[in-house]
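The values are calculated or read from the model by the stated rules, or taken from the named source; none is laboratory data. Note that this is a predicted model, so its numbers are computed, not measured. In this analysis, Cβ positions are derived from the backbone assuming ideal geometry, glycine residues included, and neighbour counts consider all displayed protein chains.
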Amino acid sequence: MEQLREPRLGVDFGRVIQGGALAPGGADTAFLDGGMAAALASPANEGVFEVLPELVARFGGRAWIISKCGDQVRRKTLAWLDHHDFYERTGLPRGNVRFCRKRADKAGHCAELGITHMVDDRLDVLRAVREVVPYRFLFGPQKGPAPDWVRPVPDWAAAAELISADTPAARPRSATPRSR
């Protein structure tokens, strides 16, 4: 019955949308520990603004950012998204951004939203959503081979190819009131 489930995309923010691919386990200190100016100046991951709009359209707008962070990084994330015209450039609805305090808590968001495809750079997150999300994509450089229950995607081009292969083009969702 899984095939009848409406496709919905979940995407992590740090090191997937923003920050570029870092060495496995590396931290984006400019975004995490720097001030607001440094956070806003930090780059998008290569290919995100070319690929994500296509994926958001493929999923009929049913796409969410699901990010683990505290209040300070939450503010920086929302400011970064606005500063880079993220919503306009990707088509992801402004209200489709979720935050949690622990990586494992992403599973609750995925269950609530009905996420079918999740892109994250952390294996522990994908392990936490394993029972909830049927298609799991491990993004960016990793130490060693990936387990067989995730699909490694080194960059956005690879992510687009694999996700598109798993997902027929969706019809846009019906008109709904815009989120504030």
**Asked** Which members of region 74-122 meet the condition of being in contact with a strand residue (DSSP E or B) (Cβ under 8 Å, 6 or more places away or on another chain) and of a type in the set (Asp, Glu)?
**Response** ASP105, ASP120, ASP121
**Request:** Could you identify the single residue in ARG103, ARG74 that is touching an Asp or Glu at 6+ places or on another chain (Cβ under 8 Å) and either at positive phi or surrounded by fewer than 21 Cβ atoms within 10 Å (Cβ to Cβ) (or both)?
**Result:** ARG103
**Request:** Please state which of the following conditions ARG74 fails to meet, knowing it meets all the rest: (1) within 16 Å of the chain's Cα centre (by Cα); (2) basic (Lys, Arg); (3) assigned to a helix (DSSP H, G or I); (4) farther than 25 Å from LEU126 by Cβ.
**Result:** (4)
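Quick check, is GLU50 loosely packed, with under 15 Cβ neighbours inside 10 Å, at pLDDT 80 or above and part of a loop (DSSP other than H, G, I, E, B)?
Details: loosely packed, with under 15 Cβ neighbours inside 10 Å: yes; at pLDDT 80 or above: yes; part of a loop (DSSP other than H, G, I, E, B): no.
Taking the combined requirement at face value, the residue does not satisfy it.
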**Request:** Name the single residue, out of those in region 51-91 being free of Cβ contacts under 8 Å to residues at least 40 places away in the same chain and of a type in the set (D, E, K, R), that is farthest from LYS102 (Cα to Cα).
**Result:** GLU88
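Across region 53-71, what is the number of residues that are over 20 Å from SER164 (Cβ atoms) and in a helix (DSSP H, G or I)? Walk me through it before giving the result.
Of all residues in region 53-71, those over 20 Å from SER164 (Cβ atoms) come to 66-71.
Filter once more, keeping what is in a helix (DSSP H, G or I): 71.
Looking only at that region, the number is 1.
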**Request:** Taking the residues in region 1-31 that are closer than 27 Å to LEU78 by Cβ and polar (S, T, N, Q) as candidates, determine which candidate is modelled with the lowest pLDDT.
**Result:** THR29
**Asked** Can you tell me which of VAL132, VAL125 is in a loop (DSSP other than H, G, I, E, B) and either under 17 Å from ARG8 (Cβ atoms) or among the β-branched types (Val, Ile, Thr) (or both)?
**Response** VAL132
**Complete:** Per the filter on region 84-135, residues among the acidic types (Asp, Glu) and out of contact with any Phe, Trp or Tyr (no Cβ under 6 Å at 6 or more places or on another chain) are ASP85, GLU88, ASP105, GLU112, ASP120, ASP124, GLU131
**Prompt:** Name the residues in region 77-100 that are surrounded by 14 or more Cβ atoms within 10 Å (Cβ to Cβ) and either assigned to a loop (DSSP other than H, G, I, E, B) or modelled with pLDDT under 95 (or both), would you?
**Reply:** HIS84, GLY91, LEU92, PRO93, ARG94, ASN96
